[in-house]
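Below you'll find the structure, written out as structure tokens, and then a few comments.
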Amino acid sequence: MGPPSTKRFSRNDGTIRTADYVMQRLLDRTMKLLPAILTLLVAAISQAQAPPRSLPGVFSEVLDVRVVNLEVVVTDRDGVPVFGLGPDAFDLRVDGETVPIEYFSEIRAGVVGTETGEGAVVPGLPDLTAGLPVGTSYLVFIDEYFSIARDRDRVLEAVKSDLPLLGPEDRMAVVAFNGSELEMISTWSQSVPQLERAIDAAVERPALGLQRLAEQRQFNYDRALGALSSIRAGDISTDRFLRTQLDPDERFYLERLTDQVSRSVTAGASTLRSFAEPPGRKVMLLLSGGWPFFPATFLGPDVAPTVLSWELNDGQALFRPLTDTANLIGYTLYPVDVPGFNDLLANDSTTIREQRVEELARTGIRGQDAFLRQQEVHYTLNFLAEQTGGVSFIDGARLDALSGAASDTRSYYWIGFSPTREWDDQRHKIEVALREKGFRVRSRAGFLDSSRQHEVAMALESTLQFGSPAGQGSLRVNLGESKNKGRRKMEVPITIVIPLDEITFLPSEQGEVAQIELMVAVRDDSGNRADIPVVPLAFRVQDSGSPGSFGSYEFSLKLRRQHNDAVIAVVDTASGRILSASVEIEP
């Protein structure tokens, strides 16, 4: 057979965009032109030597969770742990329907008590043996993007002082996020001296929370200046209560703040996936510098309630990627209020006034507004904890985060069940109760029945953020010469080369056809990302049995004219096999 030929499907208005360009346009246009793709896309087949496959896959682990694990804490009305319960004492419901408990163990003071389920070992469920200790894996996530160094360092020093509380089976890893990149400061370690050095290194890192405060201050200053100018011009209109949309400055600030929170949430979820399988109980100490549940509330009281009613999108949607990931792989979130309440007593009115004066001087935000914003941040921490069965450490309790989490994870009941999976991205509510009344039960609130596409997209994000273990196979990626596409934009042609013996061909009237999905994730140096499109493609050949055959496909990316990192994945829909590669794209 002659040299391989390649058909290219690309349109100037069908390129993949990132940052403030709409990446989804590629998917929309591709879906409309799907018949054309099936006609134009011809696989290039070659009997010659296949391209080298030494390029390592970088695809993050795609989770295929078959068992849902619940860490159930039971206390009496005084908060005292309740021991000695068996599986018959619990009522487990999914979407209101009772389901059987298939695996059950009691962990008492860090040691396995009773167990049922015949000691079965299943994916996602720890191998528990009665009488043996169970450790806890503490994954410390440090939000440097919103945190002020002074506050962050106090919390980290408190964590450092409590490191001797770790048991012989416990371990800890430390990760930091600066708004654009994740950095692993320490992998899993059981050495207290090593972890002390890691925390010392974290303290030496810059924190960017003052920049977030400067953005708030500038926004408030600009609005106050605008209001003053209007008053001087004699405009004292009350129409602000009647308008139905934000002005451009309000819109810009809201979109920026929402994107900043979304970046941090995505980084937290990526961190969980990159540390998905440590032994024992899985805990994330999430040191948050201040994520509002509803970013629109940070616009302040001068925004009309009628406007906020339109802009207050469900805050759950913003934080679900983190709670869904934690619940899927069995992590419990213990969020930590890094800013705290300036260590002042909340029941002392004089102290509250002093605190508000200090907050105004520091941020340019009125004291009452600062107090309300603080409550908004606390709501986020409580939501993250409640959804995953954890506890939030707010205000003064922030300095007891590690000791509190260690105490809370020593005694609990480990319950497992196998849900009926539909892989349809539907969320299912979990309720755990005791048949006997008068006790308090705390556990994770649900799980997401993730589709394959959702899992691949999340794994792409994780790979882009962190760099991850090798996937199931590798793509060869060839970058063409970039073209200038206007101010600060460029278009980069890309060719992917797919080993055809690694995807599944099925017979059809027109020959053998392989159905695949192309997914691309891109991040620029500023940390800007875009939605990940799913582009369905078809490779049609007459004979797929030739060893070493490969096919190629060309498309283009429209990007900011700066350094970009990209992860490209091809999913074989018949087998679920994933081929991936990462590339760095320079102007």
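Since every read-out is calculated from the coordinates, none of them should be taken as a lab result. Every value quoted in this text rests on a predicted model; they were computed, and no experiment measured them. Reconstructed Cβ throughout: ideal geometry from the backbone, glycine too, with neighbour counts over all protein chains shown.
Using the average count of surrounding beta-carbon atoms within 10 Å as a protection proxy, the listed peptides 330-337, 97-104 rank, highest first, as 330-337, 97-104. Between VAL82 and VAL74, THR75, ASP76, the built amide H atoms are under 5 Å apart, and every one of these is 5 or more places off in sequence or on another chain.
Taking θ as phi - 60° and the Karplus parameters 6.51, -1.76 and 1.60, the scalar couplings of segment 149-164 work out to 4, 4, 6, 4, 5, 5, 5, 5, 5, 5, 4, 4, 5, 9, 4, x Hz in sequence order, x denoting glycine and proline. Once amide H atoms are placed 1.01 Å from N in the peptide plane, what residues at a sequence separation of 5 or more from ILE185, or on another chain, have their amide H within under 5 Å of its amide H? Close amide H contacts, sequence-distant or interchain: VAL174, VAL175, ALA176.
For segment 551-559, the Karplus equation 6.51 cos²θ - 1.76 cosθ + 1.60, evaluated at θ = phi - 60°, returns couplings of x, 10, 9, 10, 8, 9, 10, 9, 9 Hz by residue, with Gly and Pro reported as x.
The convex hull of the Cα atoms of segment 170-209, projected and averaged over all directions, covers 2.9 nm². Between amide H atoms placed 1.01 Å from N, distances below 5 Å from GLY135 occur with ARG281, all of them 5 or more places distant or on a separate chain. Along segment 249-260 the Karplus relation, 6.51 cos²θ - 1.76 cosθ + 1.60 evaluated at θ = phi - 60°, assigns HN-Hα couplings of 5, 5, 4, 4, 5, 5, 5, 5, 5, 4, 5, 5 Hz to successive residues, with x for each Gly and Pro. The length gained on full extension between ARG93 and SER508, counted as 0.36 nm times the residue separation minus their Cα-Cα distance, comes to 144.9 nm.
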